[in-house]
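I have placed the structure first, in the form of structure tokens, so that the comments after it can refer back to it.
The values are calculated or read from the model by the stated rules, or taken from the named source; none is laboratory data. Quick caveat: nothing in here was measured; it's all calculated off a predicted structure. Cβ: placed from backbone, ideal geometry, glycine included. Neighbour counts: every protein chain shown. Areas reflect the complete protein model, heavy atoms only, side chains present, ligands, DNA and RNA absent. Shrake-Rupley method; radii C 1.70, N 1.55, O 1.52, S 1.80 Å.
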Amino acid sequence: MNVRTRIAPSPTGDPHVGTAYMALFNWAFARHYGGQFLLRIEDTDTARSTPESEASIFAALQWLGLDWDEGPDVGGAAGPYRQSERREIYAQYAQQLVDREQAFYCFCTKERLDRVRSEQQAAKQTTRYDGCCLGLTADAVAQRVAAGEEHVIRMCVPDVGECTFEDELRGPVTIPFSQIDMQVLVKSDGMPTYHLAVVVDDHLMGITHILRGEEWLNSVPKHVLLYQYLDWPMPKLLHLPLLRNPDSSKLSKRKNPTSILYYRDEGFLPEALLNYLGMMGWSMPDESEIFTKAQMVKAFDEKRISVGGPIFDQAKLAWLNGQYLRQLSASEFIAQTQSWMFNQDRLSQLIPLVQERVEKFSDLAPLVDYLVGARKTLTPDNFLHKTLDRDANVKILHHTSALLDDLRHWEREAIFELCQDLAQALDLKFRDYLFPLFVAISGRGVSLPLFDSLIFLGPDLSRARIRGALDAFSVSGKERKRLDKSLVKVTALLSSGQ
RNA sequence: GUCCCCUUCGUCUAGAGGCCUAGGACUCCGGGUUUUCAUCCCGGCAACAGGGGUUCGACUCCCCUAGGGGACGCCA
């Protein structure tokens, strides 16, 4: 049997380490069995997908050295590999499902659905579409569609019975159909949802094994139904554990750096990151911990995957990276530091910031230390200020961090405006407001211009430093909740002000 | 709330009924090498969630409880 696996990221943000994790296992699986590994872009969310994000996913996977045999950039016989370019294909199957009464048109408004949902929640029932449009006659549907009424297509799901399917890592799993929603398959903008697109594409692209996150386990019955409706064979399913934050919740950028680019910019080697991800839920048969991706491919055995959720431990990753750095020859080390920071491109961004501030070359390093290296670890004392107290510092850091996390385009002007607006909303003088940010970014109250620094460091490092600065203050869960509430108010103020 | 998944040192893990006095790694703590530091070496702390079965024998199999996680979107 020719094995085919895929990684199917959604280009809606920074390339996530979870994506790298899944890519690694799918890649290793395919390579071990001599099959193909494909890259498919799941950009059916037109509001959130961006070409920049897609490009950064390519860049991140290439940096890691995970090569794909078919994909949007390299082509292949089963293309196109971008879901937004496959609309007609999905439409065709959606129509087939409607014709066979395995799916139906739904005209319910968002308002009605929200109402039904909250009623079900109040009654402590499973939230699920109530079947309102299920009984519509073909004529009625045709009329309403012709009249231009907005609609979606939903899949039919039995009310009773249960679905049992096989997960290769945990054995049979049974989920009652009463828990399964009549999932929307085609959105009102004509795009398929994940569930339709993934089934159609995996089949048409000949995917034999799906290795993906455990978060998908609950939606397998929807897919099983679709495969049955379409008369297609089920691929094998392997649901891998989710990477976790230190508090054991699902890995998230609010609690941990999650962007692959962060690890690149911080100075991790791709080999080390990959090696580390390879020991999350998997181990070499001889228990060795330092191994190359070629060794992993050779030894790969899905039976060795464990299903408990591993915590992504920065300390062990750092140790592992140290092992890799130490084994480099001096000339390799020079080459690596050059490609990391000391190259024409990076230096020409850096020098203009310092040229007019130095009198001797020896002034250079102290000025830029925090830009070419980690800033020092902070304590509350670093934030002592004539007007800002502890709580003010915490609030500024928390709110700025949250707003920057959601900022789509990392541009000087946008960041500047965001900060200015926030300072105003908090009723602070701009220069006072900026103080904790200077400390968070540079480790000092005075440094090179803040916004230039943010641009130079880039979104991933900047966000991590501001979030890290907050760790200097022990912020309790309770306080964090208060801060989140305060943030909601401030955000409301910001949007009303515009 | 409902459903699903998971559960070995603080963390990553080894362990497929006797090889377990539960092993390795990170972290932390000691000690050694080194002009300092780091590296490196040596040593130490530290776990089978709890309770019932099955079995001559259970970390390993089954059940219950507890805890953790996830899902419940016209997001993936």
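Condition first: crowded, with 19+ Cβ neighbours inside 10 Å and touching a residue at least 40 places away in the same chain (Cβ under 8 Å). Now tell me which residues in the range A:162-183 satisfy that. Can you show your working first?
If we filter the range A:162-183 for residues that are crowded, with 19+ Cβ neighbours inside 10 Å, which is where we start, we get A:163, A:180, A:182-183.
A:163, A:180, A:182 - these are the residues of the range A:162-183 that are crowded, with 19+ Cβ neighbours inside 10 Å and touching a residue at least 40 places away in the same chain (Cβ under 8 Å).
Residue check: residue A:235 meets all listed conditions (1) more than 7 Å from RNA strand B (Cβ to nearest atom); (2) assigned by TED's automatic domain parsing to the domain that holds residue A:14 but one, namely (2).
Does any residue of the range A:152-164 turn out to be of a type in the set (D, E, K, R), away from RNA strand B (no atom under 13 Å from the Cβ) and not assigned by TED's automatic domain parsing to the domain that holds residue A:303? Steps first, please.
Of the residues in the range A:152-164, the ones of a type in the set (D, E, K, R) are A:154, A:159, A:162.
Checking the rest, the ones that are also away from RNA strand B (no atom under 13 Å from the Cβ) come to A:159.
Next, only the ones that are not assigned by TED's automatic domain parsing to the domain that holds residue A:303 stay: A:159.
Within the range A:152-164, one or more residues are of a type in the set (D, E, K, R), away from RNA strand B (no atom under 13 Å from the Cβ) and not assigned by TED's automatic domain parsing to the domain that holds residue A:303.
From the list A:378, A:328, A:347, A:388, the one residue that fits, being more than 17 Å from residue A:450 (Cα to Cα), without any contact (Cβ under 8 Å) to a residue 24 or more places away in the chain and part of a loop (DSSP other than H, G, I, E, B), is A:328. Residue check: residue A:257 meets all listed conditions (1) of a type outside the set (S, T, N, Q); (2) in a helix (DSSP H, G or I); (3) open to solvent by less than 60 Å² (accessible area, probe 1.4 Å); (4) in the same structural domain as residue A:65 (by TED's automatic domain parsing) but one, namely (2).
Of the helices (runs of 4 or more DSSP H) lying entirely inside the range A:38-144, those containing at least 3 residues that are touching a helix residue (DSSP H, G or I) at 6+ places or on another chain (Cβ under 9 Å) span A:51-64, A:87-99.
If you go through the range A:321-330 one residue at a time, do you hit one that is outside the structural domain of residue A:481 (by TED's automatic domain parsing) and over 29 Å from residue A:280 (Cα atoms)? Scanning the range A:321-330 turns up at least one residue that is outside the structural domain of residue A:481 (by TED's automatic domain parsing) and over 29 Å from residue A:280 (Cα atoms). Comparison of A:98, A:145, A:141 shows that the only residue that is buried (at least 17 other Cβ atoms within 10 Å of the Cβ), among the aliphatic types (A, V, I, L, M), in contact (Cβ under 8 Å) with a residue 12 or more places away in the chain and more than 30 Å from residue A:11 (Cβ to Cβ) is A:141.
Within the bounds of the range A:279-299, is there any residue that is in contact (Cβ under 8 Å) with a residue 60 or more places away in the chain, of a type outside the set (Val, Ile, Thr) and within 12 Å of RNA strand B (Cβ to nearest atom)?
As a first pass, look at the range A:279-299 and keep what is in contact (Cβ under 8 Å) with a residue 60 or more places away in the chain: A:280, A:282, A:293, A:296-298.
Going one step further and asking which of them are of a type outside the set (Val, Ile, Thr), we end up with A:280, A:282, A:293, A:296, A:298.
Going one step further and asking which of them are within 12 Å of RNA strand B (Cβ to nearest atom), we end up with A:280, A:282.
Checking the range A:279-299: at least one residue is in contact (Cβ under 8 Å) with a residue 60 or more places away in the chain, of a type outside the set (Val, Ile, Thr) and within 12 Å of RNA strand B (Cβ to nearest atom).
When residue A:57 is tested against the conditions (1) within 30 Å of residue A:150 (Cα to Cα); (2) out of contact with any strand residue (DSSP E or B) (no Cβ under 6 Å at 6 or more places or on another chain), the lone failure is (1).
Confirm whether residue A:190 is in a loop (DSSP other than H, G, I, E, B), modelled with pLDDT under 95 and open to solvent by 10 Å² or more (accessible area, probe 1.4 Å).
Yes, satisfied.
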